[in-house]
There are 2 protein chains.
Amino acid sequence: MDLLKDRISKDGEVLSRDVLKVDSFLNHQMDVGLLDEMGKEFARLFCDVKVDKIVTVEASGIAVACFAARYFDVPVVFAKKHATSTLTGEAYESAVYSFTKQTTFHIRISKKYLKPCENILVIDDFLANGKAALGLIDLVHQAGANLMGVGVVIEKGFQNGGDILRKMGIRVESLAIIEAMNGHTITYRV
Amino acid sequence: MDLLKDRISKDGEVLSRDVLKVDSFLNHQMDVGLLDEMGKEFARLFCDVKVDKIVTVEASGIAVACFAARYFDVPVVFAKKHATSTLTGEAYESAVYSFTKQTTFHIRISKKYLKPCENILVIDDFLANGKAALGLIDLVHQAGANLMGVGVVIEKGFQNGGDILRKMGIRVESLAIIEAMNGHTITYRV
């Protein structure tokens, strides 16, 4: 998606060979016009897929999942990272290791909002080592729902998450795949 | 907003005199059609106000803030509750006490995304004791930005957050104000 790649190249900050900061338009300050275009693009990429619900994880996946959901005309469910007083009753739960924070956290979705045979599209802002996506996919499988694909805004192609998912036979569509980051130069996979 | 009140009465669960669970359509599973109508309603309520940016707090404020932002055609900034590796540089920070979780957490917005003289509309999903809203307002004031108002999806009118804000001279617009919850009966302020 050229609009996104141009924006990453213009406003993204490469903090190291691994860390890209896009908090001016994606995950702190958010450009809702761009998010809307991303949602439209996910709908185009997955136009041949039956989608009943979009699943993401709080917090920075929520916005892009919502804009995509407008085009699919389906609800969004976001996995919670923290136990809450109102997430009573039973929930599906999966452990996710965060390399960034070097800690394991648990993501949960209430069993009321993931049902057997529902067709689920997973959407998230980043795909790096794939741990968060695998956690969401685990929740989908625990529910007996059908994983229809994974949509990602920015895939770090130099990390192995995308390979892991694709080798599992999962359809992954990324709006931008970064092959390498070197100083101020970002190279995209074509 | 009758559409919202009807939905709360239909799908909300009163867990106690204080706790209302709306996770089937607002803060776990999300009805994006309803969220879009809420965004439109905030734009109508604040149509006489100059808004440059919408500020909310992760996670459940993000979706409604984004849908409102579409109608105002402005960016959203969400305050982060957790220190992140990419929130480098200086940030405005405020302490927020959570009665639900009985703990104090810190919310932060990068100084890059809140500037003096920006006209800020604060939007959140719930207003109860007002602690989260006061934290966001504190960040706005620290930045020297202008607080133009606070938009809330569900105000618990039987708690004092709304009174506190209004007595401070802050314009608060709530899409639904709950006067009392008693068993299965929810009474709205008219």
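A short reminder: the numbers here are calculations on the coordinates, not readings from a lab. The structure displayed is predicted, hence computed values, not measured ones. Glycine also receives a Cβ, built like all others from the backbone with ideal geometry; neighbour counts cover every protein chain displayed.
Just a few scattered comments:
- Local electrostatic count at A:Gly149 - Lys and Arg +1, Asp and Glu -1, tallied over other residues with Cβ under 9 Å: 0
- Distance cut-off 35 Å, percentage of C-alpha pairs in the protein assembly as shown lying past it: 21 percent
- Karplus-derived 3J(HN,Hα), 6.51/-1.76/1.60, for each residue of region B:169-181, Hz, glycine and proline x: x, 8, 6, 10, 10, 10, 6, 8, 10, 8, 7, 7, 10
- Averaging Cα coordinates gives a centre for region B:127-190 and one for region A:26-69; these two points are 29 Å apart.
- Within region B:1-112: Cβ-based charge dipole about Cα centre, in debye rounded to nearest 20 (Lys, Arg +1; Asp, Glu -1): 360 debye
- Taking every residue in A:101-112 and counting other chain Cβ atoms within 10 Å of its Cβ, the average works out to 1.
- Inter-probe distance in nm under a simple model that places probes 7 Å from Cα toward Cβ, at A:His106 and B:Asn160: 3.6 nm
- For A:Val190, the distances from its label point to the matching points in the remaining copies are 6.7 nm, ordered from shortest, with each point set 7 Å beyond Cα toward Cβ.
- Counting Cβ atoms of other protein chains within 10 Å of each Cβ in B:18-26 and taking the mean gives 3.
- In a reduced charge model with +1 at each Lys and Arg Cβ and -1 at each Asp and Glu Cβ, the protein assembly as shown shows a dipole moment near 580 debye about its Cα centre.
- Here region A:1-81 is described by how far its Cα atoms reach on the three principal axes: 38, 31, 21 Å, from widest to narrowest.
- Shape call, region B:22-128: gyration tensor on alpha carbons, a/c limit 1.5: oblate
- Taking a Cβ cut-off of under 15 Å around A:Val74, the surrounding Lys, Arg, Asp and Glu residues balance to a net charge of 0, with basic ones at +1 and acidic ones at -1.
- Debye, to nearest 20: dipole size of region B:2-188, +1 on Lys, Arg Cβ, -1 on Asp, Glu Cβ: 480 debye
- As a length-normalised measure over Cα pairs under 8 Å and 6 or more apart, the relative contact order of chain B settles at 20 percent.
- Legend: calculated FRET efficiency, B:Lys50 to A:Lys167, from the Cβ-Cβ distance at R0 = 41 Å, rounded to 0.05, equals 0.20.
- Gaussian network model of chain A, springs between alpha carbon atoms under 10 Å - residue of A:Lys81, A:Lys131, A:Lys101 with greatest fluctuation: A:Lys101
- Bridge orientation summary for region A:107-190: considering DSSP beta bridges with both residues in this region, about 20 percent are antiparallel.
- Using the Cβ-Cβ distance between A:Asp138 and B:Thr185 with R0 set to 30 Å, the FRET efficiency works out to roughly 0.15.
- Looking at chain B alone, DSSP beta bridges between its own residues are antiparallel in about 40 percent of cases.
- Förster-model FRET efficiency, 51 Å R0, B:His82 and A:Asn119, C-beta, rounded to 0.05: 0.95
- Using a 7 Å Cα-to-Cβ projection, B:Tyr97 label spacings across copies, nm, ascending: 4.0
- Projecting the Cα atoms of B:Leu121, B:Ile109, B:Val14 onto the charge dipole of region B:2-188, computed from C-beta unit charges around the Cα centre, puts B:Ile109 farthest toward the positive end.
- Shape call, region A:77-179: gyration tensor on alpha carbons, a/c limit 1.5: oblate
- Proxy reagent accessibility, fewest Cβ within 10 Å first, across B:Leu3, B:Leu34, B:Leu114: B:Leu3, B:Leu34, B:Leu114
- Cβ-defined net charge surrounding A:Gly12, 15 Å radius [Lys, Arg +1; Asp, Glu -1]: -3
- Under the span-like rule (Cα at least 30 Å along the axis, Kyte-Doolittle mean at least 1.0), DSSP H helices of chain B: none
- Viscosity 0.890 mPa s, 25 °C: Kirkwood-radius Stokes-Einstein D of chain B over Cα pairs, µm²/s: 146 µm²/s
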